[in-house]
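To start, the structure under review is shown below, and the notes come after it.
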Amino acid sequence: MAEITVTQANFESEVIKSDKPVLLDFWATWCGPCQMLGPIVAEIAEERSDIKVGKVNVDDEPALANMFGIQSIPTLVYFKEGKAVDSSIGYVEKEKILEMLK
């Protein structure tokens with residue numbers, strides 16, 4: 001499944017009311033570590049049909065970033081049943097992300 005763009009307008013339907021767990025990647029185009037993490041997140045989106053993977057551009061969606069207290073990017077936030085249950089800040093290896101998704 002391809003990544004989806006999450007905005008304030010679709011956040012509730014795509015994340016809170018999702019029937020699958022959701023991995024959200026808070027990122028920006030100017031962020032070097034975000035560019036390094038992006039392909040890994042895309043790979044997970046393609047490999048894992050049991051989760052939904054969303055991308056939140058913090059420049060386009062500052063209210064969403066603020067809602068979760070995003071201070072540094074990239075930040076990954078993992079949601080189960082509409083609630084944030086885990087997160088990581090900065091570049092992380094694929095194995096660490098997969099551990100978070102258990």
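Whole-Hz ³J(HN,Hα) for each residue in the range 2-8, computed from phi via Karplus 6.51 cos²θ - 1.76 cosθ + 1.60 with θ = phi - 60°, x for glycine and proline: what do you get?
Per residue, the Karplus-derived 3J(HN,Hα) values read 6, 5, 10, 8, 9, 10, 4 Hz.
Based on Cα coordinates alone, diagonalise the gyration tensor for the chain, multiply each eigenvalue by 5, take square roots, and list the semi-axes in whole Å, largest first.
17, 17, 12
Report the number of Lys pairs in the chain whose alpha-carbons are under 17 Å apart, with separation of 8 or more residues or on distinct chains.
19
Of the GluC sites (Glu not before Pro) in the range 34-99, which ones lie in a loop per DSSP and count no more than 16 other C-beta atoms within 10 Å?
Working: sites: 43, 46, 47, 81, 93, 95, 99; in loops: 81, 93.
Those satisfying the criteria are 81, 93.
Could you sort 9-16, 69-76 so that the peptide with the highest average Cβ count within 10 Å comes first and the rest follow in order?
Details: 9-16: 14.1, 69-76: 17.6.
My ranking of the peptides, most packed first, is 69-76, 9-16.
Mind checking the range 10-95 for trypsin sites (Lys or Arg not before Pro) that DSSP puts in a loop (not H, G, I, E or B) and that have at most 10 other Cβ atoms within 10 Å? Could the numbers behind the result be given before it?
Values: sites: 17, 48, 52, 55, 80, 83, 94; in loops: 17, 48.
Hits after loop and neighbour filter: 17.
Normalised by the number of residues in the chain, what is the relative contact order in percent for Cα pairs under 8 Å and 6+ residues apart? Mind dumping the intermediate values first?
Working: 168 pairs, mean separation 36.8, N = 102.
Taking the mean separation of contacting Cα pairs over the length of the chain, I get 36 percent.
So what is the diffusion coefficient of the range 54-102 in µm² per second by Stokes-Einstein at 20 °C and 1.002 mPa s, using a Kirkwood Rh over Cα pairs?
Details: Rh = 11.6 Å.
Answer from the Stokes-Einstein relation: 185 µm²/s.
Readers should treat all values here as calculations from the given coordinates under stated rules, not as data from a laboratory. No experiment lies behind these values; they were computed from the predicted model shown. Cβ atoms come from the backbone with ideal geometry, glycine included; neighbour counts cover every protein chain shown.
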